[in-house]
Structure formats: C-alpha cells, structure tokens
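The values are calculated or read from the model by the stated rules, or taken from the named source; none is laboratory data. All of these numbers come straight from a predicted model, not from anything done at the bench. Note: ideal-geometry Cβ built from the backbone for every residue, glycine included; neighbour counts use all protein chains shown. Note: areas computed on protein heavy atoms with side chains; ligands, DNA, RNA excluded. Shrake-Rupley method; radii C 1.70, N 1.55, O 1.52, S 1.80 Å.
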Amino acid sequence: MDFVKLGEDVDKDNYLIADFYIETDDILKNAGELAKESSNGTWTPLKTAKGYTSNLSAFVFYAKELYEIEGNKAAYIKVAYPIELFEDNSVPQVLSDIAGNILGMKIIPKARLFDIEIPQRYIKTFKGPKFGIEGVRKYMRTDKTRRPHVGTIVKPKVGLNPEDTATISYESWYGGCDFVKDDENLTNQRFCPFEDRVIKVLDALDRAESETGEKKLYAPNITGVDMTERAQFVKDHGGACIMVDILVAGFSKVQEIRDQGFDMIIHGHRAMHAAITRYERHGISMPVLSLLSRLSGIDQMHIGTVVGKMEGELTEVLKNKEKIVSDLFGMNPCFPVNSGGLHPGHIPEIVQFMGDDTIIQAGGGIHGHPDGTIKGATAMRQAVDAVMEGVSLQEYAKTHKELKKALEKWQ
Ligand code: CAP
Ligand code: MG
C-alpha cells in the first residue's frame, strides 16, 4: 500500500503531521484511503498520474487500534503530508487537504482531526499575530502591571441603537473595563449601522480615556461581505482594534485582513466552532482551530472558560491556550480570551488556571449588575485587583461594595 508506511521515520522538517481519530471497518486499508484522498489520489488508480506527482503523496506512519464501536474499529492514526503539498501562507488550503473530503468519506463514518504539528519552514510563511500579548499590553500600557485585562460585550447582543451602544460602552470603560467589543451577531444591521456605531463608540472611547487616564480599546465586528472597507473605516476613524467572527467569515478573510497591514489589533471570536468541534468522534478539535487562528493573524483569541456558560473542559481550554501561546519558531502568541457566562466571582479560578496573561470578558456579568453597567465594570475590576493583591474576593468585598453586590447576586 503506497499510502501506508507503518513505522517510517518521518522527517519532521519537511512533513506536516496530522493526528486523526477514525472509526472504520478496516483501519489500515481505509487510513491509506484517507491519506490518498487528502493528498494526490482518489478512489481509483489514475491514468493521468505522472512519476513526479508521487512526491506529493501523504502516508500513514502510525496506527493504533483502540476499541470496537458500533460495528467499526476505532483507531488513532498519524499521517505525514509533504510540505510541498501546501500553498505558502494559506490556512484555507491546508484545511482543504487535511480536513477536506476525508471527513465525509463513506468508508470512514467518523473522523476527527485532533492535532497537527507543522514544521518551521512552513510556519515561517505565515505572519501570525502582529501584536500578540506583548503588543496589546504595550498599547494598553499594562506591560508593567501584567494584570489580566477586563473586557465586556455590549448587551443586549442585538437591538440597541448606536447612541445606546456608545453610552453603554462609555459606562463600561468608565467603570473599569479595558476593552469593549461588539457581540458576534452584531455587524451592520439596520437597527445599528456599522459606520454610525463606530463613530459614536470611538467618540465615547476618547471621552473615557481622557476621564480615566487609562488606555481603552473597542473592537467593532467587521464580519460581513465588505470586511476590508469596514476595517479601513475603523482605521480612518482612529480605531485600534477590529473583531472578526473567524469561522463564519473564513480563514482566508482573516488572513487577507491581517496581510493588508491595517496595523490594528485583531480580536477573534470563534462563533460556530461548536458545529465543527463539539462532537468528540468527528470534526476538527478546538486546539487545531486555535493554532490555525494564530497562524492567520488573530491577536486576541476566544478559547473558552471552563467555569462559564459554554462547554469546554479544563484540559481542552489548556490545550487551546498552549496552541496559541507556546513557542512557535518565534511567532507572536495570541492573547487568550476567556468569555461566556462569566461574572466577578469567577475571576480567581480563571486566573488560577490561565495565569495573568488573559482577557476576562463578561457581558451579562457586567450589564446585569444590580446597580448597572458602571458598577458592574467596577466590580469586575475590583475582582482582578483582589486577585493581583492576593486577597480573597470575600475579604475584598468587605471594603468594595460593587464587588459585594455582584457576589451577592451571582455566588
Ligand atoms: C459572552 C458572549 C460570547 C461568548 C462565546 C456571549 O457573553 O458574548 O459570545 O463568550 O463563547 O454572547 O455569550 P456573556 P466563547 O458574558 O453575557 O455570557 O468565548 O466560548 O467562544
Ligand atoms: Mg457573544
């Protein structure tokens, strides 16, 4: 079998290694079909193949049977893809190979791409995050304090007009937030047109910066059919950050925005990832999507919370984190974002497993505070201060009434 070379010593400088979980009735035969379909072959031998095209064959070099399931055998396999198979600087092209047709083959009813290892030569073709953790911290002037950033999502998610969005943004910053972002499903609807919103919220940001003396950041969601124009509009109006719904917009769009050199921080929301990642026996794992988001140039990346409203176990969130912050041949790390159902009471636990280099966001956990947005933002910031000072939230709340009220409501 050409596409199966068990035990082959793979030259990791010249091959991308992909790890799959598969369920199939014949592991080796069908794993070979997977390697073939995802590189230079198809279901039948080809008259058109030339001698030189065989250089682009992928091959299975490891297979381990796990157990029987629903009449099939489950297995872990490793496939080596020659690096020449891939276009430089193209996340979409990589996905068309290693997570394309092969996830839909009849002979392999379940297949999940759960990890990838990419050689330096290929990593170097990607720009990666322009700012990363240090760049964002420098911009926000937290490079000395190293405290977690506090963010919010203006809520209600959709429905507010630009004036109210700006007012709520201002209150969030004034109360203590560093960062305000649009929600993932707010783009350029009639009730809140993008351009009007950007102008008004950036005005509010200027006001908040001059009144608090702190740097503030706003991420308008540019996801849509004219993302370049929207990014340019933000830039022209003095914005320093944009947000993209990575998977909805597509990696090619994210890379295009990154490569156009707007010199703005890119915040990456992962809306729709669960359609791809959630089912454990099929699809693509979130750690893989996290790594690809880093390659494509995302500076701030949603990776889950463990403790909040969204699914995602600690081991997975830590794997996501590792993929976006660990050493990658000099590529900037993304700033991890923890978001989804959070309130001030969650902050100690999050900092415990994430460390201080994290952006902790709360939408409901700020705008649902009994005394409103300003106090809600203050309570979040107080919780961060308490953790940085090594004081328990209960202790800190004795002298900080905003935090006290938040804890009374949510803990
Ligand atoms: C958080 C959030 C985010 C989630 C997405 C929301 O708001 O804006 O979209 O964080 O999950 O609408 O749920 P709340 P993830 O603070 O009000 O929950 O970050 O895991 O992709
Ligand atoms: Mg949201």
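Among the residues of segment 95-120, those that are part of a loop (DSSP other than H, G, I, E, B) and open to solvent by 50 Å² or more (accessible area, probe 1.4 Å) comprise K106, I107, P109.
When segment 73-94 is examined, which residues are found to be within 26 Å of A249 (Cβ to Cβ), free of Cβ contacts under 8 Å to residues at least 60 places away in the same chain and not in a helix (DSSP H, G or I)? Within segment 73-94, E87, D88 qualify. Restricting attention to segment 150-187, the residues that are open to solvent by 30 Å² or more (accessible area, probe 1.4 Å), within 13 Å of ligand 2 (Cβ to nearest atom) and in contact with a helix residue (DSSP H, G or I) (Cβ under 9 Å, 6 or more places away or on another chain) total 4.
Those strands (runs of 3 or more DSSP E) of segment 234-308 in which at least 1 residues are more than 15 Å from ligand 2 (Cβ to nearest atom), considering only elements entirely within it, cover 241-245, 265-269.
M354 meets all of the listed conditions (1) away from ligand 2 (no atom under 16 Å from the Cβ); (2) open to solvent by 10 Å² or more (accessible area, probe 1.4 Å) but one, namely (2).
Here V391 fulfils each of the conditions (1) touching a residue at least 24 places away in the same chain (Cβ under 8 Å); (2) not in a helix (DSSP H, G or I) apart from (1). Of the numbered criteria (1) within 14 Å of ligand 1 (Cβ to nearest atom); (2) at pLDDT 95 or above, the one S285 fails is (1). The single residue among V288, V254, V244 that is within 22 Å of F20 (Cβ to Cβ) and touching a residue at least 24 places away in the same chain (Cβ under 8 Å) turns out to be V288.
Might you check whether a residue that is within 13 Å of ligand 1 (Cβ to nearest atom) and either among the small types (G, A, S) or open to solvent by 30 Å² or more (accessible area, probe 1.4 Å) (or both) occurs anywhere in segment 255-267? No, there is no match, as no residue in segment 255-267 is within 13 Å of ligand 1 (Cβ to nearest atom) and either among the small types (G, A, S) or open to solvent by 30 Å² or more (accessible area, probe 1.4 Å) (or both). For P370, the criteria (1) in contact with a strand residue (DSSP E or B) (Cβ under 6 Å, 6 or more places away or on another chain); (2) outside any helix (DSSP H, G or I) hold in every case but one, which is (1).
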